[in-house]
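Worksheet for the structure shown next.
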Amino acid sequence: MKSMGIPMLSFSLLILLGVINGFLQMNSIQQLAAIISGSGLLIILLAIPLILKKVPRNSAYGVRTQAAFASDADWYRINTIGGWYLLGAGILILATGIVGWFLPVSLRNVYSLSATGITLAAVLLPCLRLGSLKACSTLANEQQ
């Protein structure tokens, strides 16, 4: 059986070169819109496993607060909430990127400032809310 490593690698490199060439052919606002759209899509893809409770407790991926590490139940509860916030942020960032595809180059500066503000708000506001979530044991103690 022949190894498909070299042909697959060559094919992958050709696709990558085609994507880079296409990116370089875009005007500056389209390049910015492509980066923003891609970021939004990546954030959406990262949110889905959190929402579906597919991510076990770890130190690399998910909402990593003291409350989230209190128990497995808290981890999944807080990360599901975080996943929904992340999904909302990803959709907002993706929509911001899509808008950029239809704007003239003359609006590049306005678009880049607006997109920066929207992206920061979409990411920072959920972080502030998630930081205030408490572990179930803490909530039970406060209710007594």
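The values are calculated or read from the model by the stated rules, or taken from the named source; none is laboratory data. Computed from a prediction, not measured in an experiment: that's the story for all the values here. Here the Cβ positions follow ideal geometry from the backbone for every residue, glycine too, while neighbour counts run over all protein chains shown.
Any chance you could count how many residues in region 48-66 are surrounded by 13 or more Cβ atoms within 10 Å (Cβ to Cβ) and of a type in the set (Gly, Ala, Ser)?
The number of residues fulfilling the criteria is 1.
Take the residues of region 67-87 that are small (Gly, Ala, Ser) and farther than 13 Å from Leu46 by Cβ: which is surrounded by the fewest Cβ atoms within 10 Å (Cβ to Cβ)?
Restricting to residues being small (Gly, Ala, Ser) and farther than 13 Å from Leu46 by Cβ, the top hit is Ala73.
To keep it simple, each residue is scored yes or no on (1) within 14 Å of the chain's Cα centre (by Cα); (2) more than 17 Å from Ala34 (Cβ to Cβ); (3) at pLDDT below 90.
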| residue | (1), (2), (3) |
| --- | --- |
| Ser71 | no, yes, no |
| Ile78 | no, yes, no |
| Gly82 | yes, yes, no |
| Ile98 | no, no, no |
| Leu107 | no, no, no |
| Ser114 | no, no, no |
| Ile118 | yes, no, no |
| Arg129 | no, yes, yes |
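Would you confirm whether any residue within region 30-43 is within 23 Å of Ser132 (Cα to Cα), part of a helix (DSSP H, G or I) and modelled with pLDDT of 95 or more?
Step one: list which residues in region 30-43 are within 23 Å of Ser132 (Cα to Cα), which gives 43.
In the following step, the residues that additionally are part of a helix (DSSP H, G or I) were identified as 43.
This time we only want the ones that are modelled with pLDDT of 95 or more, so: none.
Among the residues of region 30-43, not one is within 23 Å of Ser132 (Cα to Cα), part of a helix (DSSP H, G or I) and modelled with pLDDT of 95 or more, which makes the answer no.
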